[in-house]
1. Can you tell me which residues in the stretch 83-129 are of a type in the set (V, I, T) and either open to solvent by less than 60 Å² (accessible area, probe 1.4 Å) or touching a helix residue (DSSP H, G or I) at 6+ places or on another chain (Cβ under 6 Å) (or both)?
2. For the structure I just gave you, tell me whether A190 is farther than 20 Å from I159 by Cβ and of a type outside the set (S, T, Y).
3. On the basis of being in a helix (DSSP H, G or I) and either modelled with pLDDT of 95 or more or touching a Ser or Thr at 6+ places or on another chain (Cβ under 6 Å) (or both), does T142 make the cut?
4. Which count do you get for residues in the stretch 173-215 that are open to solvent by 60 Å² or more (accessible area, probe 1.4 Å), among the β-branched types (V, I, T) and over 18 Å from the mean Cα position of the chain (by Cα)?
5. Only one of these is farther than 30 Å from T137 by Cα and in contact with a helix residue (DSSP H, G or I) (Cβ under 8 Å, 6 or more places away or on another chain): V55, V80, V50. Name it.
6. Just to be sure I understand the filter: pairs with C-beta atoms under 6 Å, separated by 6 or more residues or on different chains, first member in the stretch 70-98 and in contact (Cβ under 8 Å) with a residue 40 or more places away in the chain, second member assigned to a loop (DSSP other than H, G, I, E, B). Which pairs pass?
7. Does T137 satisfy the condition of being more than 17 Å from G115 (Cα to Cα), surrounded by 13 or more Cβ atoms within 10 Å (Cβ to Cβ) and of a type in the set (V, I, T)?
8. Considering only the stretch 152-172, I want to know if a residue exists there that is open to solvent by less than 80 Å² (accessible area, probe 1.4 Å), at positive phi and either part of a helix (DSSP H, G or I) or in contact (Cβ under 8 Å) with a residue 12 or more places away in the chain (or both).
Amino acid sequence: MDVTFLQHTLAALLRGLPLTLNLALLSLLGGGVLALLLNLLRQNRFGSYVTRFYVWVFRGTPLLIQIFMIYYGLGSLPAVRESVLWPLLRDPYWCGLIALILNDAAYTSEILRGGLNAVSVQSLEAAKVSGMSRFTTLRRITLPLAVRQALPAYSNEIISMIKSTSLVSTISLMEMTGIADSIVSETFRALEVFISAAIIYLLLTVLVSKAVALLERRLSPYHVGARP
């Protein structure tokens with residue numbers, strides 16, 4: 001195995017790391033906000049049907065197809081090409097990011113729903129007795145407890161989204177997998193290139209796992225340094 005080639009390959013792949021992290025972070029932020037809105041929408045009957053349908057569609061179809069539908073499918077519609085959204089939807093970056101956000105929101109909404117359902121009735125009654133408004137209860141009681149309960153499952157979603165960013169290479173975005181594919185097309189040395197990419201992804205997932213585990217310990221009520 002050519003060590004010099006591996007060094008050059010790793011250096012080239014790392015140039016795509018900022019875009020990978022950019023897509024992962026923004027998709028998680030956008031997906032988290034949308035997931036919260038979806039859970040708020042569940043409060044009424046019609047909104048619950050809409051949310052269930054949304055989750056069913058985006059969890060039941062492959063992310064790759066969702067990316068293709070947004071990038072290629074919407075662009076084939078004359079109404080879209082003539083709309084004010086066309087400058088946004090013809091850009092592969094925004095199409096990839098939108099697909100990642102919509103997909104992440106479907107999974108995160110279910111994770112957050114599980115966390116919200118885990119909040120005890122006693123906690124909500126205590127907040128009500130103390131005179132908190134519904135918004136204050138949501139901000140100070142419900143969401144913190146729900147996030148703590150949902151954090152282990154959400155760590156898997158973070159890791160999944162980091163790996164899912166590789167799919168945007170199919171619409172010509174040059175993140176790490178896109179760069180790896182271009183190197184392979186030039187050198188035909190697929191094994192070394194994709195092993196190098198896999199190592200970087202593995203390191204990222206390990207760092208995320210360690211960070212979330214540390215955050216879980218900090219948020220645990222049994223942690224020595226945790227606030228009572």
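The values are calculated or read from the model by the stated rules, or taken from the named source; none is laboratory data. Quick caveat: nothing in here was measured; it's all calculated off a predicted structure. For neighbour counting, all protein chains shown are included, and Cβ atoms are generated from backbone atoms with ideal geometry for every residue, glycine included. Quick note on the areas: whole protein, heavy atoms, side chains included, nothing else; ligands and nucleic acids left out. Shrake-Rupley method; radii C 1.70, N 1.55, O 1.52, S 1.80 Å.
1. Across the stretch 83-129, the qualifying residues are I98, I101, T108, I111, V119.
2. yes
3. So T142 does not fit the description; no.
4. Within the stretch 173-215, residues that are open to solvent by 60 Å² or more (accessible area, probe 1.4 Å), among the β-branched types (V, I, T) and over 18 Å from the mean Cα position of the chain (by Cα) number 2.
5. V80
6. P92/S172; P92/L173; G96/L173
7. no
8. Yes: the stretch 152-172 contains one or more residues that are open to solvent by less than 80 Å² (accessible area, probe 1.4 Å), at positive phi and either part of a helix (DSSP H, G or I) or in contact (Cβ under 8 Å) with a residue 12 or more places away in the chain (or both).
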